[in-house]
Amino acid sequence: MTVTVLIVDDQTVVRAGLAMLVDSQSDLTVVGQGADGREAIRLTGELAPDVVLMDIRMPLMDGLEATRRLTAVNDGAGPRVVILTTYDFDEYVFDALHAGACGFLLKHAPPEELLFGIRAAADGGALLSPAITTRLIAELTTGRPRAGRLPPELARLTPREREVFDLLVAGRSNTEIGRALAIAETTVKTHVGHALDKLGLRDRVHAVIYAYEHRLVTPPPR
């Protein structure tokens, strides 16, 4: 199955470079390009892409607002939005993740990392290694107010689901979780899915955000 991609960036050169890279892959195809958030919304409605690569800083309507509107459609059933940023720790990335983006990619990342991110987004997975995502969220949540009490919905998790969830937000991959708990990777995936559903979380990235906001994990040393 071919993954359809919409590229939204106000820099023509960036759009052209990304389009050339994506179209060089047999399983990926660019269905459209836009220069701002308004075009992202219009083109998404017309083309229904699987993944939207969204620059976060654009004129007229930025990527944050466009992401919020796109992911609000059909209760999150719209395209997977991947934020593009120039900076490792762009302060707006956190807000975009909260708005519904499934992750982020650096514009200057190696081609193989960008392509992996697109495929992972289309497949509903994490965009980068869990450890990198964890460090990002830890950096972006520093200094932000956090909830003081444990959320009641945590009680819905079974003991095994809570074990899997704690390892997930600590940055462990499914393979590593399986080894730590001596269970099959397919079983890990099942537990992850159940935990996310019970907590009302979109994906692993939002699980990490949730964990930091509720003080379920401690940020790593800076």
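Here are the numbers for this structure:
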| item | result |
| --- | --- |
| Diffusion constant of the stretch 3-128 at 25 °C, which comes from Stokes-Einstein with the Kirkwood Cα-pair radius and 0.890 mPa s, µm²/s | 177 |
| Inter-probe distance in nm under a simple model that places probes 7 Å from Cα toward Cβ, at His214 and Ala155 | 1.2 |
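Read-outs throughout are calculated quantities, based only on the coordinates presented, and are distinct from any laboratory measurement. Quantities reported herein were computed from a predicted structural model and do not represent experimental measurements. Using ideal geometry, Cβ is built from the backbone for each residue, glycine included, and neighbour counts are taken over all protein chains shown.
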